[in-house]
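J.: Supplied in structure tokens, the structure appears directly below.
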Amino acid sequence: MHTPSHSAPAPAEDALRRADLRVTAQRVAVYRMLIEHPHSSADAVFGRIRETVPGIALPSVHNVLGDLVSADIVRRVSLPDSDRALYELAEPANNHHHVQCVMCGVVKDVDCAVGHAPCLTPAQDHGMRVLEAAVTFRAICSDCERKSSSND
Ligand SMILES: [Zn+2]
Ligand SMILES: [Zn+2]
């Protein structure tokens with residue numbers, strides 16, 4: 001099996017066009033970086049693409065992320081054990097949750113308990129219509145667990 005190089009549009013270009021955003025090298029680079037490294041901060045995105053995107057600066061990364069978030073193709077997630085906002089692709093539009101290590105901050109996706117929003121029903125809704133539950137399981141990853149037990 002071989003993959004023809006010109007038939008299917010690349011996911012980054014495709015997502016930008018569907019969102020009516022102009023396809024630019026910077027937007028494509030940021031989007032591709034989030035495919036490979038979800039839950040990245042703006043700094044982390046910048047650190048990974050600065051070598052490959054000529055002339056990119058941290059403020060442009062913030063601008064690109066802002067554009068992608070406004071267009072609903074990237075989601076901004078704030079997690080209790082991250083001191084800055086993290087970004088992940090908004091597609092597929094699944095109601096997933098996160099498990100985060102309280103020591104090193106590594107983040108992984110976990111499937112929503114029931115498979116659709118709002119996933120959890122609060123004991124009280126205070127008259128509000130619940131859209132979704134954003135759950136963060138605070139945890140300790142196996143690497144950190146190992147490090148802390150070997151220090152004893
Ligand atoms: Zn950890
Ligand atoms: Zn996620």
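J.: As a check on your grasp of the helix formula, calculate [θ] at 222 nm for the chain: sum -39500 (n - 2.57) over DSSP H runs of n ≥ 4, divide by the residue count, round to the nearest 500.
T.: -9500 deg cm²/dmol
J.: Normalising by the residue count of the stretch 27-96, find the relative contact order in percent from Cα pairs under 8 Å and 6+ residues apart.
T.: 35 percent
J.: Testing the spin-label approximation: label points 7 Å from Cα along Cα→Cβ at MET128 and ARG50. State their distance in nm.
T.: 3.8 nm
J.: If packing is taken as the average number of other Cβ atoms within 10 Å across a peptide's residues, how do 81-89, 54-62 rank, most packed first?
T.: Ranked from most to least packed, the peptides come out as 81-89, 54-62.
J.: Put +1 on the Cβ of every Lys and Arg and -1 on every Asp and Glu Cβ in the chain; which of SER150, ALA25, VAL45 then has its Cα farthest towards the positive end of the dipole?
T.: Value computed over the given set: ALA25.
J.: Translational diffusion coefficient, Stokes-Einstein: compute it for the stretch 101-152 using the Kirkwood radius over C-alpha pairs as Rh, at 37 °C and 0.692 mPa s, and state it as an integer in µm² s⁻¹.
T.: Calculated translational D: 240 µm²/s.
J.: To continue, here is another question. Under 10 Å, Cα contacts only: if you run a Gaussian network model on the chain, which one of ARG50, ARG27, ARG17 comes out with the highest mean-square fluctuation?
T.: Ranking ARG50, ARG27, ARG17 by mean-square fluctuation puts ARG17 first.
J.: Now for a different question. Where the eigenvalues come from the Cα gyration tensor of the chain, what are the semi-axes √(5λ) of the equivalent ellipsoid, largest first, in whole Å?
T.: Calculated on Cα positions only, the semi-axes equal 29, 23, 16 Å.
J.: Could you work out the relative contact order of the chain? I mean the mean sequence separation of Cα pairs under 8 Å and 6+ apart, divided by the number of residues, in percent.
T.: 17 percent
J.: If we count other beta carbons within 10 Å of each Cβ, what is the order of MET128, MET103, MET33, fewest first?
T.: By the 10 Å Cβ count, ascending, the order reads MET128, MET103, MET33.
J.: Would the stretch 55-145 count as rounded, prolate or oblate if I go by the C-alpha gyration tensor, calling it rounded below 1.5 in a/c and otherwise prolate when a/b exceeds b/c, oblate otherwise?
T.: Note, shape of the stretch 55-145 comes out oblate.
J.: Could you size up the charge dipole of the stretch 24-152 around its Cα centre, putting +1 on the beta carbon of Lys and Arg and -1 on that of Asp and Glu, and report it in debye to the nearest 20?
T.: Here the stretch 24-152 has a charge dipole of around 220 debye.
J.: Determine the shape class of the stretch 37-84: with a ≥ b ≥ c the square roots of the Cα gyration tensor eigenvalues, call it rounded for a/c under 1.5, and otherwise prolate if a/b is greater than b/c, oblate otherwise.
T.: oblate
J.: Here is a follow-up. Of HIS96, HIS39, HIS116, HIS126, how do they rank once you tally other Cβ atoms within 10 Å and put the fewest first?
T.: Ranking HIS96, HIS39, HIS116, HIS126 by Cβ neighbours within 10 Å, fewest first, gives HIS126, HIS116, HIS96, HIS39.
Here, each number is a calculation from the coordinates, and none is a lab measurement. None of these values were measured; they are calculated from a predicted model. For neighbour counting, all protein chains shown are included, and Cβ atoms are generated from backbone atoms with ideal geometry for every residue, glycine included.
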